[in-house]
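Report on the following structure.
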Amino acid sequence: MLSFFKKKDTPPADAVAAPETPAAEAPRLSWAERLKAGLSKTRANLGGKLSGLFRRARIDDELLEELESTLLMADCGVDATQWLLDELKARVKRDKLESPAQLQQALSELLEQMLQPLEQALDLAHHRPFVIMIAGVNGAGKTTSIGKLAKYFQGQGHSVLLAAGDTFRAAAREQLMTWGERNGVTVIAQESGDPAAVVFDAIAAARARGIDVVLADTAGRLPTQLHLMEEIAKVRRVIQKAEPSGPHEVLLVLDANIGQNAIAQVKAFDKAIDVTGLVVTKLDGTAKGGVLAAISRQCPKPVRFIGVGEGIDDLQPFSAGEFVSALFEDNA
């Protein structure tokens, strides 16, 4: 049976609770401050090691070799690391760089240059409802990210509707209902059944109510589960039946902790559902945040949002400049 869950509804007792908001008296940090705090592990791993390298007396082969190892250990990947080193060597020669401090500045500039193409904001202006299909493996933070995205879009002045299309995972529907309650938005769900049907009904409801954005959850899948990946592809096809111009965005949620496995996930999901953008979560839980560099070289998809904390506002649009500044600030 189709269900409509609104703000006034009380979530079931077994609902998965959303993260608590900070205490009212706690000082509110800016996004730049939260980003810096969230990237502290990566900064300690990458920036801390680089700091020692860049305090040396001169640029030499040993420094460059250790820099290569540091970048690889931060999950930048072979392609990105090689590009950065080649460009650094070219700059040393062309600009006659002599001090490691100059090399650090050059590395910061090159990393931002590498990541800049991934910085592409979503444009919701051309479709209403704007249908966003969201996929990812279980544990990546997919459903939680949907709740945070709902809050973000509401903050931008858009009305939002959630579709509980993950009908396979235990408590997934209840978890999304909790986020709907918290954000004051409607959740379209079924007790059980076909996830594609849930999404179809959600789009119809959004059109009838004049909703701006539909966020459609889908069942978590491992990219190696080809028969299950086909079920997600079916959801995409059904969205196109309900809204011929949709889905207008297909977001893949990636857990930053998985490092280079993220590349395989992007490629597999892209093959199945034509991924148009990424949400990279849990950057605060890893010392290997260089995975964004690997993505930029091996499977360049726009990084629409990054997550650096448990708070509802700790998912924000990706900015290459802010990201690099947060990585290198302590070493300036």
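Suppose we keep only residues that are under 13 Å from the mean Cα position of the chain (by Cα) and under 22 Å from T42 (Cα atoms) within the stretch 267-288. Which one would you say is surrounded by the fewest Cβ atoms within 10 Å (Cβ to Cβ)?
D284
Consider the stretch 157-182. How many of its residues are part of a loop (DSSP other than H, G, I, E, B) and not small (G, A, S)?
The total comes to 5.
Please give the number of the condition Q154 fails out of (1) of a type outside the set (S, T, Y); (2) part of a helix (DSSP H, G or I); (3) out of contact with any helix residue (DSSP H, G or I) (no Cβ under 8 Å at 6 or more places or on another chain).
Failing condition for Q154: (3).
Specify which of the listed residues (E329, E322) is part of a helix (DSSP H, G or I), at pLDDT 90 or above, surrounded by fewer than 21 Cβ atoms within 10 Å (Cβ to Cβ) and not aromatic (F, W, Y).
Testing whether each residue is part of a helix (DSSP H, G or I), at pLDDT 90 or above, surrounded by fewer than 21 Cβ atoms within 10 Å (Cβ to Cβ) and not aromatic (F, W, Y) leaves just E322.
Name the pairs: first residue in the stretch 112-123 and in contact (Cβ under 8 Å) with a residue 60 or more places away in the chain and part of a helix (DSSP H, G or I), second residue surrounded by fewer than 19 Cβ atoms within 10 Å (Cβ to Cβ) and of a type in the set (S, T, N, Q), Cβ to Cβ under 9 Å, at least 6 apart or on different chains?
E112/S325
For (1) surrounded by fewer than 17 Cβ atoms within 10 Å (Cβ to Cβ); (2) of a type in the set (G, A, S), each residue gets a yes or a no:
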site	(1), (2)
E119	no, no
H126	yes, no
V137	no, no
G141	no, yes
F168	yes, no
R182	no, no
A189	no, yes
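Taking the residues in the stretch 61-104 that are outside any helix (DSSP H, G or I) and of a type in the set (G, A, S) as candidates, determine which candidate is surrounded by the fewest Cβ atoms within 10 Å (Cβ to Cβ).
S99
List, please: which pairs have Cβ atoms under 9 Å, are six or more places apart or on different chains, and start with a residue in the stretch 146-163 that is within 15 Å of A202 (Cα to Cα) and end with one that is surrounded by fewer than 16 Cβ atoms within 10 Å (Cβ to Cβ)?
So the pair list comes out as S159/R209; S159/G210; L161/R209.
The values are calculated or read from the model by the stated rules, or taken from the named source; none is laboratory data. Remember, it's a predicted structure, so these values are computed and weren't measured experimentally. Neighbour counts run over all protein chains shown; Cβ positions are idealised from the backbone, glycine included.
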